[in-house]
Amino acid sequence: MSEQNSFPPKDPGFTKTIKDDFKNLKVKDDIGKEYRGLKDYYLSEERKRKLESMGGFRKFFLIPWWLLKALFFKLTPFRRILLLFSIFMILISGNNRIESGDITVDILGPGMIGGLVLLFILALELKDKLLAKTELEEGRAVQLALMPEQSPKVDGWDIWLYTRSANDVGGDLLDFIQIENDKYGIAVGDVAGKGLSAALLMAKLQSTIRALVYDSTSLSSLGKKLNTVFHRDSPSKIFASLLYSEIKNDSGEIKFINAGHFPPMILKNNQIEKLQKTAPALGLVDDAVFSEQSISIKQNDFVIFYSDGLTEAENESGEFFGEERLLESLRNRQSNSSRQLGESILSEVDEFVNNFPAHDDLTLAVLKKV
């Protein structure tokens with residue numbers, strides 16, 4: 001038979017993909033990862049808390065039942081009916097073959113019908129997932145377009161900016177704004193929540209900052225205006241932490257306001273100073289007051305801004321990276337550039353997490369006076 005008429009058709013790409021899949025397969029790790037993902041998505045926080053106090057034998061039977069029940073009710077009503085129908089057809093299936101002498105003919109029995117219906121449901125679910133993924137990828141492209149340059153040029157400063165989202169889109173804010181010829185703004189923030197909703201509110205907050213920053217007479221007034229807009233336009237019980245700072249060419253002074261965000265860390269001669277929060281997060285209190293703060297640093301000193309995705313990076317044992325590990329990673333790094341210091345911190349976080357799925361976005365801004 002010629003290659004042109006062979007069935008199935010030869011597809012080197014398909015064959016290579018399947019071979020690579022088997023080659024890279026790590027059964028224990030892959031099953032564990034997928035199983036954790038199912039529990040994180042399908043089980044409510046209440047059920048997760050109940051599992052913590054249960055014995056292993058009871059968990060073994062209860063978790064699959066809860067997962068199946070949650071999966072069933074995630075389907076649309078039509079797909080739930082199809083699923084019940086497919087299960088019924090599989091249960092009543094029997095021997096669906098006609099044998100006559102040396103000839104055996106398979107017929108379309110209830111089991112095969114049930115299997116085809118299950119396949120149809122999977123195809124519908126996959127279609128929904130792919131459509132949602134396409135939209136998230138487009139949203140991710142927009143977020144990346146809004147991100148600042150990683151190493152913006154400012155006379156007298158060495159700056160490195162980095163952010164990565166736990167999902168396709170994230171709720172962390174990172175922005176760099178040239179306000180005047182010699183004045184620049186750096187914003188690091190974190191919108192409550194995850195995924196698309198947090199990303200949309202983050203984009204709104206970023207655009208609000210850019211709209212107001214050029215006409216603000218002080219950082220205190222800027223904070224008040226931002227809080228008013230965010231409180232007015234955001235859903236109830238949604239808030240955002242924000243650390244907004246301004247620097248100038250060849251000046252070691254940093255002015256900033258902190259709205260409920262992690263305070264910046266200052267690294268001077270291997271001594272680490274941590275400032276204090278001075279105001280609540282945006283959106284919590286309508287009439288909150290935001291006090292302008294100022295710090296002065298000298299040549300080779302560092303200032304580090306970060307989001308909770310750094311210190312709350314979690315490993316498989318449920319342990320957080322924590323502030324103490326961050327402080328330890330900052331010591332004895334005075335000769336590093338801002339990029340080297342930032343990448344060394346990220347390397348230690350990644351080593352600590354060891355491929356455990358991230359549950360929060362991570363943002364890091366490192367400023368060095370040169």
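The values are calculated or read from the model by the stated rules, or taken from the named source; none is laboratory data. As the structure is a prediction and not an experimental result, all values here were calculated from the model. Here the Cβ is made from the backbone with ideal geometry for all residues, glycine too, and neighbour counts use every protein chain on show. Heads up: the accessible areas ignore ligands, DNA and RNA and are worked out on the full protein's heavy atoms, side chains in. Shrake-Rupley method; radii C 1.70, N 1.55, O 1.52, S 1.80 Å.
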Checklist entry - With charges set only on the Cβ (+1 for Lys and Arg, -1 for Asp and Glu), what does the dipole of the chain come to about its Cα centre, in debye to the nearest 20? => result 800 debye
Item to check | Value of [θ]222 nm, deg cm²/dmol, for the chain, DSSP H segments ≥ 4, -39500 (n - 2.57) each, nearest 500 | outcome: -15000 deg cm²/dmol
Item to check | Gained length - residue 236 relative to residue 220, 0.36 nm times residue gap less alpha-carbon distance | outcome: 3.4 nm
Checklist entry - Could you sort 89, 112 by accessible area so the largest value comes first, with the probe set to 1.4 Å? => result 112, 89
Item to check | Out-of-range pairs (alpha-carbon distance over 28 Å; input 69/237; 39/127; 48/224; 48/277) | outcome: 69/237; 48/224; 48/277
Checklist outcome for this item: Carbon and sulfur atoms account, in whole percent of the 1.4 Å probe accessible area of the range 230-370, for 43 percent
Checklist outcome for this item: Per the rule of 0.36 nm per residue minus the C-alpha distance, extending residue 178 to residue 57 adds in nm 37.5 nm
Next on the checklist: What does the extension gain come out to for residue 147 and residue 122, with contour length at 0.36 nm per residue minus their alpha carbon separation?
Outcome noted: 5.3 nm
Item to check | Percent accessible area from carbon and sulfur atoms, the range 133-203, protein chains only, probe 1.4 Å | outcome: 50 percent
Checklist entry - Is the shape of the range 158-238 best called rounded, prolate or oblate, per the rule: a/c under 1.5 gives rounded, else a/b larger than b/c gives prolate, else oblate, with a ≥ b ≥ c the square roots of the Cα gyration tensor eigenvalues? => result oblate
Item to check | Simple spin-label estimate for residue 319 and residue 197 in nanometres, 7 Å along Cα-Cβ | outcome: 3.4 nm
Checklist entry - Label point 7 Å out from residue 340 along Cα-to-Cβ: which residues of the range 148-179 have amide N under 20 Å? => result 150-154, 156-162
Item to check | Per-selection Kirkwood Rh - the chain (Cα, Å, 1 d.p.) | outcome: 24.8 Å
Checklist entry - Among rounded, prolate and oblate, which fits the range 217-370 when a ≥ b ≥ c are the square roots of the eigenvalues of its C-alpha gyration tensor, a/c under 1.5 means rounded, and a/b larger than b/c means prolate? => result oblate
Item to check | Kyte-Doolittle mean at least -0.5, axial Cα span of 18 Å or more - DSSP H helices of the chain | outcome: 56-74, 77-91, 110-146, 195-212, 219-233, 338-353
Next on the checklist: If I take R0 = 41 Å and measure r between the Cβ atoms of residue 253 and residue 228 in this structure, what FRET efficiency does the formula 1/(1 + (r/R0)^6) give, to the nearest 0.05?
Outcome noted: 0.90
